[in-house]
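The values are calculated or read from the model by the stated rules, or taken from the named source; none is laboratory data. If you're wondering where the values come from, they're calculated on a predicted model, not measured in any experiment. Virtual Cβ from ideal backbone geometry, glycine too; neighbours counted across all protein chains shown. Side chains included, ligands, DNA and RNA excluded: accessible areas come from the protein's heavy atoms. Shrake-Rupley method; radii C 1.70, N 1.55, O 1.52, S 1.80 Å.
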Amino acid sequence: MELAWYALLGLFFAAYLVLGGYDYGVGLLLARGGGPDHRAALTAVGPFFLGNEVWLVAAVGILFGAFPTLEGELLSGFYPVVAAALAGVVAVTVGVQLRSRPTDGRARAAWDRVVVAGSLLAALGWGGLLAGLLQGVPLTAAGHVAGLGHVATPFVAAAGVAMVALVAVHGATFLTLRLPAADAAPLARTARRLVAVALAAVTLATVAGGLSDRVRAATQRPLFAALLPFVLVTALLVARAALARRRPGVAFAATSAALALPVALVGAALWPYALVSTTDPAASLTVTGGAASGPTLALLGWLTVPLLPALLGFQAMCWWVFRGRTDGRAPVYW
């Protein structure tokens, strides 16, 4: 039962990175001079924006309810990156909601900067969290995380930068699906250029991880860790080829995979542990050890079973109702 809940936690967090990722990617593009019209870009995201954040709320709910021990150590041991990510989520939400209220152009530009800063913080934070899990944490004999130095390593920083690049590509690719065809063409060229930046960032993170003794010591199944850069590079190359052939649907599927699959691969690389200790191997926290009791998980199951189809149905309905470009025309997906 613990494995099922752990997989469900990963599924919800991966879905959030895919759906919220293009929100933050579009937010990052607002910083680019000569980029998409800000109002048009945010209008393209608007129908999906708040619904995408529901997946984060659901993932946090599963973490709190099904894995209380893991939740305590995760939030305390990764406080800086988690706080940065959540601050970014709040900043993006506030910036998007309040940007349209002032009529003064300078006030709108100020809110745009809030959206950009929030998007940057969110991407850096979630990338740093995944990297921090993969490299392990210093746990005491009592099983508590000691200090915060493990979040200030070259690998965590490089992975955060790589996540920023990935969400930027994802956001640009999303806009090629949603904006009118005339505006989408320049975005496709921008997305292809951003793919090169993302490939460089992924390479940098791979080198930093390969040179890290912590990553090598914490990884329980090296094959899955080795697959991570391969999957990212493959997905980015597929996205670039699809954009060049004017197949934004294929490109969006590829960038979605680039954001979702790392969650599964990090979890698989650490299994059966949720937190691997870099100081005392015996103190490592297993998935079973971090989970709630059997009766609690069973009760949560009765509450979650009806909610999951409703959440999936709402997301599907939202995408169906607002399918196509913002000018009402349908893009060529495949």
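Could you tell me whether residue 298 is open to solvent by 30 Å² or more (accessible area, probe 1.4 Å), closer than 30 Å to residue 149 by Cβ and out of contact with any Asp or Glu (no Cβ under 9 Å at 6 or more places or on another chain)?
Values: open to solvent by 30 Å² or more (accessible area, probe 1.4 Å): yes; closer than 30 Å to residue 149 by Cβ: no; out of contact with any Asp or Glu (no Cβ under 9 Å at 6 or more places or on another chain): yes.
The answer is no for residue 298.
The conditions are (1) aliphatic (A, V, I, L, M); (2) modelled with pLDDT of 90 or more; (3) open to solvent by 70 Å² or more (accessible area, probe 1.4 Å), and residue 307 fails exactly one of them. Which is it?
(2)
Considering every residue within the stretch 216-226, establish whether at least one is under 15 Å from residue 127 (Cβ atoms) and surrounded by 17 or more Cβ atoms within 10 Å (Cβ to Cβ). Working first, answer last.
Of the stretch 216-226, the ones under 15 Å from residue 127 (Cβ atoms) are none.
No, the stretch 216-226 contains no residue that is under 15 Å from residue 127 (Cβ atoms) and surrounded by 17 or more Cβ atoms within 10 Å (Cβ to Cβ).
Name every residue in the stretch 152-169 that is among the hydrophobic types (A, V, I, L, M, F, W, C) and either open to solvent by 50 Å² or more (accessible area, probe 1.4 Å) or touching a strand residue (DSSP E or B) at 6+ places or on another chain (Cβ under 9 Å) (or both), in order of residue number.
So the first thing to find is which residues in the stretch 152-169 are among the hydrophobic types (A, V, I, L, M, F, W, C), and the list is 152, 155-159, 161-169.
Those that are among the hydrophobic types (A, V, I, L, M, F, W, C) and either open to solvent by 50 Å² or more (accessible area, probe 1.4 Å) or touching a strand residue (DSSP E or B) at 6+ places or on another chain (Cβ under 9 Å) (or both): 152, 157, 161.
Could you check the stretch 1-34 and list, in sequence order, the residues that are closer than 14 Å to residue 45 by Cβ and not β-branched (Val, Ile, Thr)?
19, 20, 21, 22, 23, 24, 25, 27, 28, 29, 30
Specify which of the listed residues (81, 115, 90, 96) is of a type in the set (Val, Ile, Thr), open to solvent by less than 30 Å² (accessible area, probe 1.4 Å) and farther than 23 Å from residue 285 by Cβ. Walk me through it before giving the result.
On the way: 81 fails: farther than 23 Å from residue 285 by Cβ; 90 fails: open to solvent by less than 30 Å² (accessible area, probe 1.4 Å); 96 fails: open to solvent by less than 30 Å² (accessible area, probe 1.4 Å).
Step by step, each of 81, 115, 90, 96 is checked, and only 115 is of a type in the set (Val, Ile, Thr), open to solvent by less than 30 Å² (accessible area, probe 1.4 Å) and farther than 23 Å from residue 285 by Cβ.
Of these, 225, 264, which one is part of a helix (DSSP H, G or I), modelled with pLDDT under 90 and over 14 Å from residue 174 (Cα atoms)? Spell out how you get there, then give the answer.
Values: 264 fails: modelled with pLDDT under 90.
Of the residues listed, the single one that is part of a helix (DSSP H, G or I), modelled with pLDDT under 90 and over 14 Å from residue 174 (Cα atoms) is 225.
For the stretch 65-86, give me the residue count where each residue is in contact with a helix residue (DSSP H, G or I) (Cβ under 6 Å, 6 or more places away or on another chain) and within 20 Å of residue 49 (Cα to Cα).
2
Taking only the stretch 254-282 into account, find how many residues are more than 22 Å from residue 9 (Cβ to Cβ), of a type in the set (Gly, Ala, Ser) and surrounded by fewer than 19 Cβ atoms within 10 Å (Cβ to Cβ). Write out each step before concluding.
Taking the stretch 254-282 first, the residues more than 22 Å from residue 9 (Cβ to Cβ) are 254-255, 278-282.
If we keep only those that are of a type in the set (Gly, Ala, Ser) as well, we get 254, 282.
In the following step, the residues that additionally are surrounded by fewer than 19 Cβ atoms within 10 Å (Cβ to Cβ) were identified as 282.
The number of residues fulfilling the criteria is 1.
Filter the stretch 221-243 down to the residues that are more than 17 Å from residue 187 (Cα to Cα) and of a type in the set (Gly, Ala, Ser) and list them by number.
Residues satisfying the conditions are 225, 226, 235.
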